[in-house]
Amino acid sequence: MSRVSMFNSPLLLGFDQLERTLDRLAKNAEGYPPYNIERIGENGLRIVLAVAGFTTGDLAIELMESQLTVRGKQADDADRVFLHRGIAARQFQRAFMLADGIEIIGARLDNGLLSIDLMRRAAEPRVRTIRIDSRETAAATNAIDINARRTQSR
């Protein structure tokens, strides 16, 4: 069965990298650890992960380009002998894609919950007018560029 792309419209140009990123995130979507995403105020977000048993030294938060990754790995304690082990202590990696303009404000670990606060900056409209050249002005511009390159190479 062939897969239908979300970005197959000819009006969506250059989104192939975003589609690959979404595919990778979907493949890595494991249920552990459970998490919530909350809206905090007008422009704030909070990601809360349930990481019972993890300390701040067991957790790492990394932002690479627009991907936020949270990793957890606990060291095995050889002195502990479990008669029953029902609390998950496995390593994990959870990734979130952040939109442009989202900044990480901070993170804290409290009562087994890792909270990561995010803030969305107010978007400034970016409008740029593109000059339309005619065939004659384009040819003149190319001639000027060629002459400028010749002058620079001397």
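The values are calculated or read from the model by the stated rules, or taken from the named source; none is laboratory data. Everything numeric here is computed off the predicted structure, so don't read it as measured data. Every residue, glycine as well, gets a Cβ built from its backbone with ideal geometry; the counts of neighbours run over all protein chains shown.
Being at pLDDT 75 or above and exposed (fewer than 11 other Cβ atoms within 10 Å of the Cβ) narrows it down to one residue among ARG149, ARG131, ARG94, ARG120; which is it?
On inspection, the qualifying residue turns out to be ARG131.
Anything in segment 43-91 that is outside any strand (DSSP E or B), among the aliphatic types (A, V, I, L, M) and in contact with a strand residue (DSSP E or B) (Cβ under 6 Å, 6 or more places away or on another chain)? List them, or say none.
Listed by number, the list holds a single entry, VAL51.
Looking at (1) within 25 Å of LEU18 (Cβ to Cβ); (2) over 17 Å from the mean Cα position of the chain (by Cα), can you tell me which one GLY112 breaks?
That leaves (1) as the condition not met.
When segment 92-130 is examined, which residues are found to be in a loop (DSSP other than H, G, I, E, B), more than 17 Å from SER66 (Cβ to Cβ) and small (Gly, Ala, Ser)?
The answer is GLY112, ALA122.
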